[in-house]
Amino acid sequence: MFGSGRAILTLRDSYRRDLRLVKGATDLKFVRFHAILHDEVGVYDEDKHGTPLYNFSYVDQIYDGLLENGVRPFVELSFMPRKLASRAAVHSFKYHPIVAPPRDYARWDALIAAFASHVIERYGIDEVAQWYFEVWNEPNIDFWSGTPAQATYFTLYDHTARALKQVDARLRVGGPSTAQAAWVGALIRHTTEQQVPLDFVSTHVYANDTAKDVFATREIVPRTEMVCRAAKKVRDEVNASGRPDVPIIWSEYNATYFNDPKITDTVWMGPWLTDTVRRCDGLTDMMSYWTFSDVFEEQGVVRRPYYGGFGLIAAGGIPKPVFNAFKMLHQLGDERLDADSEHALVTRRPDGSLVIAVWNYVPPGHDALPTTIVLALPHEARTARVLRLDADHGDAGGAYIRMGSPQYPTRSQLDALINASALAAPEDLAIANERVSVTLPANGLATVEVTFAGHRPGGIGGG
């Protein structure tokens, strides 16, 4: 699953081009975005007598566009329509979402019921029952102005969950969709005690969140560890709760919540992402990287291709290194095998071949020499091929600098950057004494595909 820019942006051709590109590389199943109930989508209005009016024409175009590309919506029910808001509590995002509770919960319940009934009528319950409905976004910080925050959010959650289930019990609803891994245990306790439906729990974390905010400690948690330590915290909370089997969905994560070109636009993301996958394996049911595209306007209209946007694809349709990292990791097998290295992820495909990810992680702002990783293969190994991602393979950043870092690249420059972003063809590796060696520059990532003759392989070592 991936996040994206807000609902109305999904109508753009550039958004849908990027969606198709990411779908082809990763086979993403769900997309989550803010603001399906924002006034710019036109869902809610009132006539001169105060009677609610609903309009789902843009909703239909938004969801049609996803489904036609083989992607389902992960529906975040936000933000508050202006005429339904209890007050004009406006968030600082450029599109000015209203983050207040509703002034009338009966009208909110009716809106949610009408919304759910409409999408079921249009797409059928067998389809919509495979979606997720998440109540709001990050109510523990400045995306919710109710006071006290948790109690008023729980009121919103209760009304929303019950309204959805009254339309059809098969609809999946959950929350609390919090920042910083907060409130998950509290929501489980609340919904259990109050007998409110809860089909999944969701929350968010970023690698530069602080230990104070996530764990209420003063320690320094490395960027490589934050996401999966938060995942372990939530996993433990759920295991200790009255609902230990409830699915856990991280509906936002990334290496940073800032626009930092040295992070999200660079090859550094490859090792960070792969190590995060390694560490978080088994701790969650689904994770949503924020975001798949830089068609995104929370801070305003994008001014240049490389500005530290969250997406896999820069403005102009330029795949970033993190796009290639996801593309490479999508080739991993379904079965994880043991490895004696913290810099390797070993997997097996159903046909018995191995796909091994190896990396040379270097913290931001540090220099490091290349490193050589030696993989000890089972004796049945016959061929090995390596696919590389580093500053010289699958990264258009150098080409962008060499052409003078244009703020508005021409069409020919965009074509050159897109070509420069492509991964090179895999290279054959020589197997000597049942070993192969892969040398990786700083923040290099590689995947090694190993095929066998005769039967399924045994284990693998690394060093």
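Below are the figures for this structure:
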| item | result |
| --- | --- |
| With Cα atoms, 0 to 90° folded angle of helix 57-67 axis to the chain main axis | 20 degrees |
| Bridge type composition, the range 74-229 - antiparallel percent by DSSP, nearest 5 | 15 percent |
| 5 angstrom amide H check on residue 257, placed H, neighbours 5+ away | 208 |
| Förster-model FRET efficiency, 30 Å R0, residue 425 and residue 402, C-beta, rounded to 0.05 | 0.85 |
| Trypsin sites (Lys or Arg not before Pro) restricted to DSSP loop in the range 277-386 with at most 15 other C-beta within 10 Å | 303 |
| Size of charge dipole - the chain - debye, nearest 20, with Cβ of Lys, Arg +1 and Asp, Glu -1, no other charges | 380 debye |
| Förster-model FRET efficiency, 30 Å R0, residue 162 and residue 236, C-beta, rounded to 0.05 | 0.55 |
| Part-to-part distance (alpha-carbon centres) for the range 55-122 and the range 270-286, which is given in Å | 31 Å |
| Of 94/320; 29/83; 83/232; 23/233, pairs whose Cα-Cα distance is over 29 Å | 29/83; 83/232; 23/233 |
| Whole-number percent relative contact order across the chain, with pairs defined as alpha carbons under 8 Å at least 6 apart | 13 percent |
| Additional length obtainable on full extension of the chain from residue 330 to residue 67, 0.36 nm per residue less Cα span | 92.6 nm |
| Gain in span if fully extended, residue 299 to residue 51, counting 0.36 nm per residue against the direct Cα distance | 85.8 nm |
| Qualifying trypsin sites (Lys or Arg not before Pro) in the range 3-51, DSSP loop, other Cβ atoms within 10 Å at most 15 | 12, 29, 48 |
| In the range 1-92, the GluC sites (Glu not before Pro) that fall in loop regions by DSSP, at most 14 other Cβ within 10 Å | 68 |
| Label-point gap, in nm, between residue 367 and residue 114 - each point 7 angstrom along Cα→Cβ | 6.4 nm |
| CD proxy at 222 nm, helix term only [per DSSP H run n ≥ 4: -39500 (n - 2.57); per residue of the chain; nearest 500] | -9000 deg cm²/dmol |
| Qualifying aspartates and glutamates (Cα of each under 19 Å from Cα of residue 165; at least 8 residues distant if same chain) | 76, 109, 121, 126, 127, 134, 193, 199 |
| Ranking of 366, 38, 393, 49 by count of other Cβ atoms within 10 Å, fewest first | 49, 366, 393, 38 |
| Percent of beta bridges antiparallel (DSSP, the chain, rounded to nearest 5) | 60 percent |
| Gained length - residue 151 relative to residue 193, 0.36 nm times residue gap less alpha-carbon distance | 13.7 nm |
| Computed label-point distance, nm, for sites residue 351 and residue 439 using a 7 Å Cα→Cβ extension | 3.1 nm |
| Under the Karplus curve 6.51 cos²θ - 1.76 cosθ + 1.60, θ = phi - 60°, whole-Hz ³J(HN,Hα) for the range 308-321, x wherever Gly or Pro sits | x, x, 6, x, 6, 10, 6, 3, x, x, 8, x, 8, x |
| Rough spin-label spacing in nm, given labels placed 7 Å along Cα→Cβ, for residue 259 and residue 92 | 1.4 nm |
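We did not get these values from a lab; they are worked out from the coordinates using the rules stated. Model, not experiment: these values are computed from the prediction. Neighbour counts are summed over all protein chains in view; Cβ atoms, including those assigned to glycine, are modelled from backbone coordinates with ideal geometry.
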